[in-house]
Amino acid sequence: MPVYTLASRSASNKDTNQKIANKITDIHCETTGAPPEFVNVLFMDNHPLKGKAELSVTGNVRSGGNRNAELTDKLRNALMQGIAATAGLSNEQVAVELIGFPASWGMEGGEILPEPGEEEAWLKRAT
Amino acid sequence: MRKALVMIQAQQFSDIQLAELEALIRNTYRQHVSSEKLMVVWSELAAGQAYTNYAPSQTSIVSAECENGFPQEKRVAYLTELAREWSQITGQHLDSLMLALVDADQFKIIADSTLRRLSFVGRIKFGLHVAKNLLHSKLNNTPLRFSPDL
């Protein structure tokens, strides 16, 4: 967690996907403080999207902890701009939706996920 | 009917492993969560379509739905057993396994996110894609599995 799924209107290619995955990981970690080990990015091709979107991004992220509305807005805008620049699209062609749910509902590495902002202690405990 | 959505890499598991994993998902769900009927949907991503920590991913993601307000103690028991048994079947490291048991209202929001972003034509195309694979699954008595590409 997070899991970002990107639906694209056309077929994607590995090189572009890798660059976009790198950009999303950078932005997510810089904005939220989460470690990159947590960040998953998945691509789905040939989805007839609504509106002007060429790429539609849904991010399932942990809620609570240090994640307030301001940080969520900042993350959404940074993702839209960063993905658009990396993919050679305008901001209007990238739609971003973030869906939060409690960390306590998820498990990675055999352990219940930490609250946002408590990742460092969790990673130390898990190793 | 409740749902479980599973995201794996294409060719990651053999057909035998997949059948064992589906049985595991159903059995642990019945034991720890609910006796309600569970629909398990497998989504298989092609190479180059999944990344974790900047690298091509080998992560499997399993998310299932439960009743709203499900007790956390039972949730942990379900996730813990599923993680342990899954890694025994697949040999996967636990770091490559992400599990979630999500309250029904929130699960619907997540599951519907695929449809929300599609045009009217896209929703029809998606529905036909799922229906075709569901029919194949029923006729052959195999897990419901398909590529998320349309």
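The values are calculated or read from the model by the stated rules, or taken from the named source; none is laboratory data. Note that the coordinates shown come from a computational prediction; the quantities given were computed from them, not determined experimentally. Glycine gets a Cβ as well: all are built from the backbone with ideal geometry, and neighbour counts include every protein chain shown. What goes into the accessible areas is simple: the full protein's heavy atoms, side chains included, and nothing from ligands, DNA or RNA. Shrake-Rupley method; radii C 1.70, N 1.55, O 1.52, S 1.80 Å.
Take the residues of the range A:29-52 that are open to solvent by 10 Å² or more (accessible area, probe 1.4 Å) and facing chain B (nearest Cβ under 7 Å): which is nearest to A:L6 (Cα to Cα)?
In this case the residue turns out to be A:M44.
From the list A:A78, A:A103, A:A87, A:A95, which one is in contact with a Ser or Thr (Cβ under 7 Å, 6 or more places away or on another chain), in contact (Cβ under 8 Å) with a residue 60 or more places away in the chain, hydrophobic (A, V, I, L, M, F, W, C) and open to solvent by less than 50 Å² (accessible area, probe 1.4 Å)?
Just a single option satisfies the conditions, and that option is A:A87.
In the range A:66-75, what count of residues is obtained for those that are closer than 19 Å to A:P36 by Cα and open to solvent by 60 Å² or more (accessible area, probe 1.4 Å)?
2
Checking B:A77 against (1) open to solvent by less than 30 Å² (accessible area, probe 1.4 Å); (2) touching a helix residue (DSSP H, G or I) at 6+ places or on another chain (Cβ under 6 Å); (3) modelled with pLDDT of 95 or more: exactly one of these is not met. Which one?
B:A77 satisfies every listed condition except (1).
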